[in-house]
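Structure first, then comments.
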Amino acid sequence: MASHNDLGRKGEALAKAHLEATGYEIMDENWCHGKAEIDIIAYKNKQIIFVEVKARSGNYFGEPEDFVDKRKQKLIATAAGEYIYLMNHQGEVRFDIIAILIQREGTHRLNHIEDAFWPAGQ
């Protein structure tokens, strides 16, 4: 397995642990619709939160959250729309990013960005 896949899995596990520790209920993980995947779908305060997790081993080329571009946001929004429809959710939704820098020595820095984006056209 490629090391970037291991990094991604570790990042998602750290993000899930963070969300659970701060009172979020995890509804789904790695939920797919078409070509889009939503890393974590959580619920808190009657709101569904669609979470994109970005884990990197360094920030030489930018912070992890910088890699959630408009194309990725649109894919997430499309999948989120389908999820909302299937769940018949009538409440509010939010799009978050959890950016994680994982150091070689095993430490990490986690940045939970609430309301990180609202996809255009939504």
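Coordinate-derived values only; no laboratory data. Source: prediction; values computed, not measured. Note: ideal-geometry Cβ built from the backbone for every residue, glycine included; neighbour counts use all protein chains shown.
Can you pull out every residue in the range 20-52 that is aromatic (Phe, Trp, Tyr) and either under 15 Å from Ile97 (Cα atoms) or buried (at least 20 other Cβ atoms within 10 Å of the Cβ) (or both)?
Tyr24, Tyr43, Phe50
Could you check the range 104-113 and list, in sequence order, the residues that are in contact with a strand residue (DSSP E or B) (Cβ under 8 Å, 6 or more places away or on another chain) and either touching a residue at least 24 places away in the same chain (Cβ under 8 Å) or under 15 Å from Arg9 (Cα atoms) (or both)?
Result: His108, Leu110, Asn111, His112, Ile113.
Anything in the range 1-19 that is without any contact (Cβ under 8 Å) to a residue 24 or more places away in the chain and closer than 15 Å to Ile97 by Cα? List them, or say none.
Result: Ala13, Ala17.
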